[in-house]
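Presented below is the structure to which this report refers.
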Amino acid sequence: MSDARPNILLVMTDQHRGDCLGQAGHPDLLTPHLDALARGGAFFTRGYSECPVCIPARHALMTGKSPQTTGVTGFAECARIANEDETLPNLLRRAGYQTASVGRSMHTYPHYRRYGFETVDHHQDRFYRDYPETQPLSSRPGVWRDWPHLQHHGLGPNGYAARPWPFEEPLHETNSAVRKAINFLDHRDRESPFFLYVGTVAPHPPLVPPACYYDRYDRPGLRAPAVGIWVDTDACPLHDPPTVRGATSAAPPRVVLGGPQLQSTLAGYYGLINHFDDQLNLLLTRLETEGLRENTLVIFTSDHGEMLGDHHCFRKSMPYEGSAHVPFLVSGPGIAAHTRVDTPVVLMDILPTCCEAAGVDVPGGVEGRSVLPLTRGEQPTRAHVHGTHGAMTGLHDGFHFLTDGHLKYIWWVGDGREQLFDLDADPKECDDLTATPAAQDTLEDWRAQLVHVLADAPERFVRGRALVAGVSYGETNERAMVDTGPSPAS
């Protein structure tokens, strides 16, 4: 007898800005299939990454716990999930769901640990083995052997340079992820519900969409990045693109770009999203043709955004909207079409959301909250969401932010600097209100709220009911379960 509980499809892009959807009002970008998904269910306009960088964001999603609790507050490649028995896939697996992870992995460590996924089919160095014509690439030694195409086109995995994908489109990682997802659907257990996670590298650099998508956006007149009046442009000089190898593969976090370079960067980034959108249509169409769509909860989000030149910044790891705001769409049984939710939600809310849909008890200690009540019009149960990031050498000494979706308060740990933005009137965060006399009471209120949030933090950010500037955040992830030894062979 078949299990009538809903299937769950979690689709997650990497480094996808929350405003990069047609449904969000983007003036240049085409995302018709994501827009249809948003219209057919719930569009959460204020989705946030509670730590806007890959690993801690994904840990929050997998555990339902905040970075402050997991201790993973930065990019720690060797940070294990402390209690893997209570990860989202493990909870669903024990409840009878068939669990699978395809495409871009969840960035868990060690890479061979499944953390509750019964089957995994990730990119890694297996990606090119499906195509004999690419064997010379996969056999080349080099630092990027997991993604050998990086050694062919010369663009790094964190840069802002862009160009068309140099191979046939079926070889693209986005196509590969969707193909693996459809393969899972073709071979799944028909008598059990499934939990399928589908991850893509796009739109994370390298910015290499197929040529037709790159060409579509390689034109002048695209929306220019936002630059706040509080930004010191003179301190953000023009930099040359980074090289493809080693530590220099990371693009400068602050850089002034314009003209052809900016146009090319936007073409690469938008092209990757447009390409993903079309590939997503293949997956959703397969659900339809299999008769699965009506009983499948579809969740779409991303681990963090991309500054994309806003305030002369690129990449992520910042508290601003470009980096911290992510798409968040939920569609499926019991969710009315054209539902719009302006209450802020975060990635750790996905675990309890899936548990509620599957009829699974949420473990104690989970801090996330199911978003399904919000889709039914129920009142939010928290006043704000909290985001953070640990110290980053050469960029910042760590930050915390709070937002209720209307105002955002940022506190920089190193020097105690504060910022306050009115997201309703100033969604691009161009006007910092901290020096405005009329905003002082509001500023004091948000400061008090952050004091309450951080009162018990082991770093002792709070002393005597006051935020303490200059407290060392330490190395990121100093409280995480970190394994620094060599990984056994997979």
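Laid out as a table, the results:
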| item | result |
| --- | --- |
| Extended-chain gain in nm, criterion 0.36 nm per residue less alpha-carbon gap, T393 and V468 | 25.0 nm |
| Mean ellipticity per residue at 222 nm, deg cm²/dmol - from DSSP H runs of n ≥ 4 across the chain, formula -39500 (n - 2.57) | -7000 deg cm²/dmol |
| Inter-centroid distance (Cα atoms) of segment 315-339 relative to segment 1-56, Å | 5 |
| Computed magnitude of the charge dipole of the chain (debye, nearest 20; Cβ of K, R +1, Cβ of D, E -1) | 780 |
| Alpha-carbon centroids, segment 167-188 and segment 82-116: separation in whole Å | 20 |
| Contour excess over end-to-end distance, with Cα ends at E77 and R340 and 0.36 nm allotted per residue | 91.1 nm |
| Amide H partners (placed H, <5 Å) of S66, local residues excluded | E367 |
| The chain: DSSP helices with Cα axial extent of at least 18 Å and average Kyte-Doolittle hydropathy no lower than -1.0 | 173-187, 259-289, 440-454 |
| Dipole of the chain, positive direction: furthest Cα of C354, G470, N83, with charges on the beta-carbon | N83 |
| Percent antiparallel among DSSP beta bridges (both partners in segment 7-382, rounded to 5) | 25 |
| Ranking of D218, D303, D424, D189 by count of other Cβ atoms within 10 Å, fewest first | D424, D189, D218, D303 |
| Spatially near lysine pairs across the chain, Cα under 25 Å, sequence gap of 8 or more or different chains | 5 |
| Least to most buried among T388, T45, T442, T393 (fewest other Cβ within 10 Å first) | T393, T442, T45, T388 |
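Every read-out reported here was derived from the displayed coordinates using simple, explicitly stated rules and does not represent laboratory data. These numbers were taken from a predicted model, which means no experiment stands behind them. A quick note on method: Cβ atoms are made from the backbone with ideal geometry, for glycine too, and the neighbour counts reach across all protein chains shown.
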